[in-house]
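For reference, the structure is listed below as structure tokens.
The numbers here are math on the coordinates, done by the rules we state, and not lab data. These figures come from a predicted structure and were not determined experimentally. Here the Cβ positions follow ideal geometry from the backbone for every residue, glycine too, while neighbour counts run over all protein chains shown.
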Amino acid sequence: MSVDTSRPSARPWRTTREVAESVGVHATTILRWAREGVLPAPDLHHGGRRGQTSRFSVVAVAQAAWVKSHLENGFSFEEIRSKLAAGEFQSPLR
């Protein structure tokens with residue numbers, strides 16, 4: 001029996017667009033959060049003529065929702081990075 005990797009739920013990664021749509025923000029916001037260090041850095045996939053795409057771990061969806069919630073509650077990127085370093089974000093996949 002083979003695994004269907006065309007469906008997002010069957011893949012071990014998510015595109016920037018999928019992460020963004022899951023939390024209701026724009027894809028550039030997800031990339032900025034990764035640059036700011038509040039999301040894990042994506043793996044870059046080179047697709048030839050299709051160009052380069054970013055692939056995030058499945059945990060990034062839950063972490064992006066957590067980050068968005070903290071930003072909406074007035075926390076700065078520095079404060080969120082400190083919370084991440086202290087282990088306050090717990091992945092639902094553990």
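So what does log10 I(q)/I(0) come out to for the chain at q = 0.16 Å⁻¹, using the Debye formula with one equal point on every Cα and no solvent?
After summing over all Cα pairs, the log10 values are -0.67.
Under a point-charge model restricted to the Cβ atoms of Lys and Arg (+1) and Asp and Glu (-1), what is the dipole moment magnitude of the chain relative to its Cα centre, in debye to the nearest 20? The partial results should precede the final answer.
On the way: 13 positive and 9 negative charges, 79 e Å.
Its charge dipole is roughly 380 debye.
Helix 59-72 against the longest principal axis of the chain: what's the angle in degrees, Cα atoms only, rounded to the nearest 10?
It is inclined by approximately 30 degrees.
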